[in-house]
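Trainee: Take this structure, written in structure tokens, and hold onto it; I'll ask about it next.
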């Protein structure tokens, strides 16, 4: 059975720009244009634009919308007021994570959840299953486009196209207003790169207009289109988790270092078990490491101790352009989590030396 690969409203644009395309989470997505390293440095130092329209967006409305979010997410969404955004996760009933997500508070009875592309159907079904009080739910994923304009020059670029005071927008907040002459565009001070910048949500029909306008506005600041390849290296340098790699249905938020988004001020799915886990301590933890020996750690590689005993596994690894060395993340037994400790990554028949390091890799 072949599954049809979906396109975003900008897929043909990427192809015309010569992007290297590949299927990702069911979509035909640009992996790189000029090259991963060039695009990575450009986002860190200037400004890059990502088409991340493959992400999912759900609208939850009504007097019980907050209650549904509180019961299904680990963070405390009651702290949100209109215009604020929160990072959170959907715990499952067995100690793992259904997905990680962003919660946008539009007003006290309206919320937008932004979920991972590969989990849209799974998350929707999970929320529907828990929607026992008739919350109005709309899956607007297929009609919503999303551009992530990231880097220190993102603000200079986007401010040319809107009267919204972007400099007055704190991290993890958003505003709605006129952008490129189009009303009701949502701009948030969020992103997945650690380089600063904004994410712009709008209807698919404006995708080409907005892409071209942003490229033109950013020309003076050396804007370049950026693919998912450098999105991965940028997020890994920041120690941000990628669902399906670093977190999944079998990893608990406590093990993954996401205790800061796991608030036991209210009951939520599996909260009692997670609270007990936090109090008792975990047997393994997600850590960062730098390679000492030459080689790149890849997802799934075994992590050993000095004597060749398996103590964990790699979840993400790459050659990091900003850091200038090979880095990675992985789960290791609690006894091996102190920064500076030596571990060994099993690459084929060799044990390559690495060192536990504090996250993020880029300060």
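The values are calculated or read from the model by the stated rules, or taken from the named source; none is laboratory data. On a predicted model such as this, the values are computed, not experimentally measured, just so you know. No Cβ is skipped: glycine too gets one built from the backbone with ideal geometry, and neighbour counts run over all protein chains shown.
Trainee: Is it the case, given these coordinates, that residue 75 is closer than 30 Å to residue 284 by Cα and in contact with a strand residue (DSSP E or B) (Cβ under 6 Å, 6 or more places away or on another chain)?
Mentor: Yes; evaluated as a whole, the condition is true for this residue.
Trainee: Separate question: Being surrounded by fewer than 21 Cβ atoms within 10 Å (Cβ to Cβ) and closer than 13 Å to residue 298 by Cβ is the filter here, so list the residues in region 323-354 that pass it.
Mentor: 346, 347, 348, 352
Trainee: Continuing with the same structure: Among the residues of region 317-337, is there at least one that is part of a loop (DSSP other than H, G, I, E, B) and within 15 Å of residue 256 (Cα to Cα)?
Mentor: yes
Trainee: Please pick out the residue among 300, 308 that is assigned to a loop (DSSP other than H, G, I, E, B), closer than 30 Å to residue 98 by Cβ, out of contact with any helix residue (DSSP H, G or I) (no Cβ under 9 Å at 6 or more places or on another chain) and not assigned by TED's automatic domain parsing to the domain that holds residue 233.
Mentor: After applying the criteria, what remains is 300.
Trainee: Test residue 90 against the criterion of being within 24 Å of residue 204 (Cβ to Cβ), buried (at least 21 other Cβ atoms within 10 Å of the Cβ) and not assigned by TED's automatic domain parsing to the domain that holds residue 213, and give yes or no.
Mentor: For residue 90, the condition - within 24 Å of residue 204 (Cβ to Cβ), buried (at least 21 other Cβ atoms within 10 Å of the Cβ) and not assigned by TED's automatic domain parsing to the domain that holds residue 213 - is not met.
Trainee: Can you give me the ranges of the strands (runs of 3 or more DSSP E) entirely in region 1-84 with at least 2 residues that are surrounded by 18 or more Cβ atoms within 10 Å (Cβ to Cβ)?
Mentor: Counting at least 2 such residues, we get 27-32, 48-51, 56-61.
Trainee: Out of the residues in region 132-147 that are crowded, with 18+ Cβ neighbours inside 10 Å and in contact with a helix residue (DSSP H, G or I) (Cβ under 8 Å, 6 or more places away or on another chain), state the one that is nearest to residue 79 (Cα to Cα).
Mentor: 135
Trainee: Any chance region 275-282 includes a residue that's closer than 17 Å to residue 248 by Cβ and not in a strand (DSSP E or B)?
Mentor: Yes, because at least one residue in region 275-282 is closer than 17 Å to residue 248 by Cβ and not in a strand (DSSP E or B).
Trainee: Picking from 85, 114, 98, which residue would you name as being in contact with a strand residue (DSSP E or B) (Cβ under 9 Å, 6 or more places away or on another chain) and under 11 Å from residue 58 (Cβ atoms)?
Mentor: Just one listed residue meets the conditions, 114.
Trainee: Being under 19 Å from residue 130 (Cα atoms) and surrounded by fewer than 17 Cβ atoms within 10 Å (Cβ to Cβ) is the filter here, so list the residues in region 265-276 that pass it.
Mentor: Listed by number, the residues that qualify are 266, 267, 272, 273.
Trainee: Moving to a separate point now. Which of the residues spanning region 93-126 are outside any loop (DSSP other than H, G, I, E, B), touching a helix residue (DSSP H, G or I) at 6+ places or on another chain (Cβ under 8 Å) and surrounded by fewer than 21 Cβ atoms within 10 Å (Cβ to Cβ)?
Mentor: Scanning region 93-126 gives 103, 110, 126.
Trainee: Still on this structure, please answer the following. Just checking, which of 226, 256 is in contact with a strand residue (DSSP E or B) (Cβ under 6 Å, 6 or more places away or on another chain) and within 28 Å of residue 105 (Cα to Cα)?
Mentor: The match here is 256.
Trainee: Within region 309-363, count every residue that is within 23 Å of the chain's Cα centre (by Cα) and modelled with pLDDT under 95.
Mentor: 1
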